[in-house]
Amino acid sequence: MKKKVIKFGGTSVGSIERIMHAAKIIQEESNKGNKLIVVVSAMAGKTSELISMSKQISNKFVKRELDVLLSTGEQVSCALISGALNELGIKAQSFMNWQIPILTDGDHNNSRIINMNTTKINDYITNGGVAIVPGYQGISKLGEVTTIGRGGSDATAVAIAKIFDTDSCEIYTDVDGVYSTDPNKIPVAKKIDKISYEEMLELSSLGAKVMQSSAVQTAMIYEIPLQVRSTFTDRPGTKIFSKNNLDYTKAVTGVAYSKDEAKITLQDVEDKPGIAAEIFEPLGKNQINIDMVIQNVSSDGKTTDITFTVKRDDLDKSLNILKKNKQIRYKNLSFKSNVSKISIVGAGMVTTPGITYKMFRALAEEKINILAISTSEIKISVIIEEKFTVEAAKKLHSIFNLD
Ligand code: ADP
Ligand code: ASP
Ligand code: MG
């Protein structure tokens, strides 16, 4: 008998038929005698639909009410899954975020789970019930409903695994594991049987939305092994666990990309100490994440060019802040909104020379211009024009022998 967290993503509960199917998986697990806490996402597309409804009212829809609105998607799937299980003769009950409660900290729309009360749910599952919990949400210390960022049901599942000290954390989704790149866009992608937290964290933060990056980060910190598997097939999934268990024979494990990037360039900025801080401080204080930064060598010793990237959604806000910033002087402010970031990730990169030039050469062969570069020990990312994204991903996938 095991204590398990099982999480079903949006597609897995995307219709009544799929809800019945997910309920049968839960039934099988419950019949094995396992104690189950089930985390569910909103039905596929629901959260986006709710966001677009709020936008029809206002682009600045009050964040508190947006959280109240967005948290409803998961409430619907909780009730439907519980109802489906009851129909199958399984004892099951939904627990809303405030009933548990799931405590969060931080801003509306972007909170994080800090704790949960375990008493009610532990009692319920010890007495043979299946607890159904909504992903993606909680309540703050002030009792306000909060959401924890898109894709956040993964983070709820990992937080439950940690706080309830479960034996496993299984993420059921619409693909049968983590692939070398998005299998829905590049069908030659290969399934990865095992992957380290570090590599998975890079892949998720660089665009592989199969796992949410903050969920992977929590799993890594607390060494919670994860399993990603399909709701629709019985094939074994992908195990995500600590690096010690892996071999480094492959330099590159996967290719990830994200299309929602934008690039900003400040030309002829005064080259003096403190100027970068003057540029980036107001952006940071306005919750804008800066990704890549390139500062050119100053040719005249007086001015330089600074290029950096932000999420495309933050572009307008960033430009406004820069234009209003009286502390900086520059000749020209330019931007490009249709860019994407493409990255190769692999723990084996550290010990394999020549990966960088191979990547750049491959892109050059496709006549794809590199607009910015950033590297870490286990990843290389480049910014390119958005229209070349899939072509570039395919090329890199093939030259690093991942096809
Ligand atoms: P869920 O609703 O179950 O949380 P998501 O849509 O968030 O599912 O994540 C699953 C999707 O992630 C897949 O359908 C796939 O298109 C996409 N994806 C992107 N990169 C990868 C990858 N490297 N491996 C597997 N899936 C990936
Ligand atoms: N429903 C939320 C979203 O679409 C959370 C999740 O699915 O993980 O972002
Ligand atoms: Mg997801």
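At a glance:
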{"item": "In region 134-152, the residues that are in a strand (DSSP E or B) and more than 16 Å from ligand 3 (Cβ to nearest atom)", "result": "Gly138, Ile139, Ser140, Val145, Thr146"}
{"item": "Qualifying residue in region 219-235 (condition: more than 21 Å from Asn110 (Cα to Cα), modelled with pLDDT under 95 and more than 16 Å from the chain's Cα centre (by Cα))", "result": "yes"}
{"item": "Checking Trp98 against (1) in contact with a helix residue (DSSP H, G or I) (Cβ under 7 Å, 6 or more places away or on another chain); (2) closer than 10 Å to Ile139 by Cα, the condition it does not meet", "result": "(1)"}
{"item": "Candidates Thr156, Thr104 - the one that is in contact with a strand residue (DSSP E or B) (Cβ under 9 Å, 6 or more places away or on another chain), within 16 Å of ligand 2 (Cβ to nearest atom) and in a helix (DSSP H, G or I)", "result": "Thr156"}
{"item": "Residue match in region 377-398 (condition: within 21 Å of the chain's Cα centre (by Cα), modelled with pLDDT under 95 and over 18 Å from Ser180 (Cβ atoms))", "result": "yes"}
{"item": "Hits in region 102-157 - residues which are surrounded by fewer than 22 Cβ atoms within 10 Å (Cβ to Cβ), charged (D, E, K, R) and touching a Lys or Arg at 6+ places or on another chain (Cβ under 9 Å)", "result": "Asp105, Asp107, Glu144, Arg150"}
{"item": "Unique residue being in contact (Cβ under 8 Å) with a residue 12 or more places away in the chain, within 18 Å of Ile240 (Cα to Cα), within 16 Å of ligand 2 (Cβ to nearest atom) and aromatic (Phe, Trp, Tyr) when the list is Tyr172, Tyr197, Tyr179, Tyr136", "result": "Tyr172"}
{"item": "Conditions (1) surrounded by fewer than 17 Cβ atoms within 10 Å (Cβ to Cβ); (2) under 23 Å from the mean Cα position of the chain (by Cα); number of the one not met by Ile16", "result": "(2)"}
{"item": "Elements of type strands (runs of 3 or more DSSP E) contained in region 167-272, each with 1 or more residues being touching a Cys at 6+ places or on another chain (Cβ under 6 Å) and farther than 24 Å from Met359 by Cβ", "result": "226-230"}
{"item": "Helices (runs of 4 or more DSSP H) wholly inside region 1-78 containing at least 2 residues that are of a type in the set (Asp, Glu), modelled with pLDDT of 95 or more and away from ligand 1 (no atom under 16 Å from the Cβ)", "result": "16-31, 63-70"}
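The values are calculated or read from the model by the stated rules, or taken from the named source; none is laboratory data. This is a predicted model, so every value here is computed, not measured. All Cβ positions, even for glycine, are placed from backbone atoms using ideal geometry, and neighbour counts span all protein chains on display.
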